Amino acid sequence: MAQSTFTTQTIDHLGIISGTCHKIGLVETIDSFVGETNRKVSVGHAVKAMVLNALGFVGRPLYLTPEFFSNKPVDLLIHPELQASDFNDDSLGRALDTLYEKGVTEVFAAVASKALTIFGVEHRFVHLDSTTFSLHGAYEVDGADENAVQVTHGYSKDGRHDLKQVVLNLICSCRSQIPVWLKALDGNQADKTSFRDTINSYLAQLRDGETPYFIADSALYTADNIKGLSNVRWISRVPGTIKAVKELYQTLPPEAMQPATEDGYRYLSVESHYGDVAQRWLIVYSQAAYQREVATLEKKIAKERESAEKSLRRLSNKEFDTQVAARESVSTLSAGWRYHEPQIELTEIPHYSTRGRPDKEQPPTRIGFQVVGEVVEQPQAIEQAKNSKGKFVLATNELDATSLDDETILSAYKGQNVSVERGFRFLKDPLFFASSLFLDKPQRIMALLMVMGLSLLVYALGECLIRTELKEQEQTIPDQVGKPTQRPTLRRIFQVFEGIDLLLIHQAGETERMVVNLKPVHHTIIDLLGPEIKRCYIPDG
């Protein structure tokens, strides 16, 4: 009887990713969109491999993809006829080139549209925002390629103003990080000019009747933008620099506002015609934000006072030839003070031509002047600063309050924190591809940003699926501290699946494969996630 040999392969949570990709038709949609390439590794399979690598959360760069798959069941996760060595620099690089040629935004839209249909995701509200990705290198671009982004210096949202960058605009479904649209832009592209184009591009690919409300921060709110979006329903934060907003902050106390359903919030709706566009403004007050912002303000006031007192002491050690010069120096010194002002007197310092104590009747040959005084607070300035704390203004061009009431405006806007902003945090995870943007061509960087967006799509849909099924089936799984939950993050599910391996038994030229270390909680999750995921862990189940 032939002796058996054994080897193992790691699968962990990768079966969940692979199954989700299969559920949304990732490979088929991409290959159908780009067409036949006559390569062993199709573009769709290359993208799936990159998504698996990205969501492996091991921080392994793109060029080490073959190493990532060296101990993984590639035939089970991607395709029976492929192996780890097939996903080398050449195959992945050519796939990125093809994605760019076909249009990265268009390819993403095709996959996202089908995925949202399969999952039945509908969105009345979508959130729009942008972020920056910093890069190294020269990135010379052929001027003839007008579609390639310019990797250049611009305003860095990461604070890396020393590095060149690209900008990514992202639209996510409300109160989820499910991306529905993305677009890579030049590194110096400003939100104020790009947001309107992004909205119009997204609307152009929607079916008739699909017109969500677009929610964005104050970068969207310019006179040109709100005029140019007359056919679009939007909700935007209004910049606090606008004169009418400043006046509302000073004249509208929280007591004059209506309490919101959510504890600690108050609001009041008023009409506005800013930019010659009829709209509703919702002035919102948050008690928690007020306390937080006032605490920060008080620290600034104390810091300004300390700095002002040091500066005034230094100035008091100087002597001035005239009163005018002394007062001008004090004026210059205090020009930048926002919450304090100097209270000073000028002391005369007589000078004599002779040494020693002068006679009482001897007049000085000249008189100098010294500043003496103190720094005092400006109560009115401080009160005005406090009046604006905890407040912000939201605007919408939806005038019908029965179609969009005030509470819904506030709730939808607040959803941005768990929507597009959470998506950006995901994309910039140190263990994600964000550290892998070393590619030598802007075209490939654009394609890789799209792959990153697809990774976010797969992750967000997987998280949505497990939460929905847990709620509908009235089941729970343990969270990080062992308490039952129906709203786990998908990252938590990934942690639960750590240590799931495949045992390969080789005997007489045949190989039998067994999944090991599956526990009841794994079976519960696998059954909830559906057949596409189940086949990766229980092929015959």
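The values are calculated or read from the model by the stated rules, or taken from the named source; none is laboratory data. In this text, all values refer to a predicted model and were calculated from it rather than measured experimentally. Using ideal geometry, Cβ is built from the backbone for each residue, glycine included, and neighbour counts are taken over all protein chains shown. What goes into the accessible areas is simple: the full protein's heavy atoms, side chains included, and nothing from ligands, DNA or RNA. Shrake-Rupley method; radii C 1.70, N 1.55, O 1.52, S 1.80 Å.
Remark: spin-label model distance Ser32-Tyr155 equals 4.1 nm, labels positioned 7 Å along the Cα→Cβ axis.
Around the amide H of Thr152, modelled in the peptide plane, lie the amide H atoms of Gln165, Gly187, Asn188, all under 5 Å away and 5 or more residues distant in sequence or on another chain. Protection proxy ranking, highest mean first, for peptides 350-359, 240-249, 487-496: 487-496, 240-249, 350-359, where packing is the per-residue count of other beta-carbon atoms within 10 Å, averaged. Taking amide H atoms as placed 1.01 Å from N in the peptide plane, the amide H of Asp479 lies under 5 Å from those of Thr485, each 5 or more residues away in sequence or on another chain. Taking only the C-alpha atoms of the stretch 20-98, Rg followed by Dmax gives 11.6, 32 Å. With all pairs of different C-alpha atoms in the average, the Kirkwood value for the hydrodynamic radius of the chain is 27.7 Å. Above 17 Å, the calculated P(r) of the stretch 73-125 contains 61 percent of its Cα-Cα pairs. Taking θ as phi - 60° and the Karplus parameters 6.51, -1.76 and 1.60, the scalar couplings of the stretch 189-197 work out to 6, 8, 4, 4, 9, 8, 4, 5, 5 Hz in sequence order, x denoting glycine and proline. Residues whose amide H falls under 5 Å from that of Val515, counting only those 5 or more places apart or on a different chain, are Leu503, with hydrogens built in the peptide plane.
The stretch 90-118 and the stretch 380-424 have Cα centres lying 35 Å from one another.
Once the dipole of the chain is set up with Lys and Arg at +1 and Asp and Glu at -1 on Cβ about the Cα centre, which of Trp281, Ile199, Ala115 lies farthest towards its positive end? Checked the options; the winner is Trp281. Taking label points 7 Å from Cα along the Cα-to-Cβ direction, Asp145 and Ile382 give a separation of 5.9 nm. Using bins of 10 Å that start at zero, the share of Cα-Cα pairs per bin across the stretch 257-338 amounts to 14, 23, 18, 18, 17, 9, 0, in whole %.
Converting phi to 3J(HN,Hα) with the Karplus coefficients 6.51, -1.76 and 1.60 and the offset θ = phi - 60°, the stretch 486-502 yields 10, 10, x, 6, 5, 4, 5, 4, 4, 4, 4, 8, 5, x, 7, 10, 10 Hz in sequence order, with x at every glycine or proline. Each listed q (0.09, 0.10, 0.11 Å⁻¹) maps to a log10 I(q)/I(0) for the stretch 248-397 from the Debye sum over equal C-alpha point scatterers, namely -0.52, -0.59, -0.65.
Placing R0 at 35 angstrom, the Cβ-Cβ distance between Thr241 and Glu374 gives a FRET efficiency of 0.60 after rounding to 0.05.
Spacing of the modelled spin labels on Glu319 and Glu512, each 7 Å from Cα toward Cβ, amounts to 10.3 nm. Taking the square roots of five times each eigenvalue of the Cα gyration tensor of the stretch 193-246, the equivalent ellipsoid has semi-axes of 24, 10, 9 Å, listed largest first. Its relative contact order, with pairs defined as Cα atoms under 8 Å and 6+ residues apart, puts the stretch 150-264 at 17 percent. Entry note: the stretch 172-292 has Rg to Rh equal to 1.00, where both radii use alpha-carbon atoms and Rh is the Kirkwood radius.
Computed over the alpha carbons of the stretch 1-147, Rg followed by Dmax gives 17.9, 69 Å. Averaged per residue, the chain has 49 square angstrom of accessible surface, using a 1.4 angstrom probe with ligands and nucleic acids left out.
Computed 3J(HN,Hα) for the stretch 238-252, one whole-Hz value per residue from the Karplus formula 6.51 cos²θ - 1.76 cosθ + 1.60 where θ = phi - 60°, is 8, x, x, 7, 5, 4, 5, 5, 4, 5, 5, 4, 7, 9, 10, glycine and proline marked x. Rounded to the nearest 20 debye, the dipole magnitude of the chain is 1220 debye, with +1 charges on Lys and Arg beta carbons, -1 on Asp and Glu beta carbons, and the Cα centre as origin.
The Cα atoms of the stretch 440-541 cover 49, 45, 25 Å along the three principal axes, with the biggest extent listed first. Would you list the P(r) distribution for the stretch 71-213, with all Cα-Cα distances sorted into 10 Å bins from 0 and each bin expressed as a whole %? Result, from short to long distances: 10, 30, 32, 23, 5 percent. Mean sequence separation of contacting Cα pairs (under 8 Å, at least six apart), scaled by the length of the stretch 17-156, corresponds to a relative contact order of 25 percent. On the chain, 47 percent of the accessible area sits on carbon and sulfur atoms, based on a 1.4 Å probe. Between the alpha-carbon centres of the stretch 240-304 and the stretch 439-493 there is a gap of 35 Å. Express in % the proportion of alpha carbon pairs of the stretch 369-524 at distances exceeding 22 Å. Every Cα pair in the stretch 369-524 considered, those over 22 Å come to 71 percent. For the chain, relative contact order (Cα pairs under 8 Å, six or more residues apart, normalised by length) works out to 22 percent.
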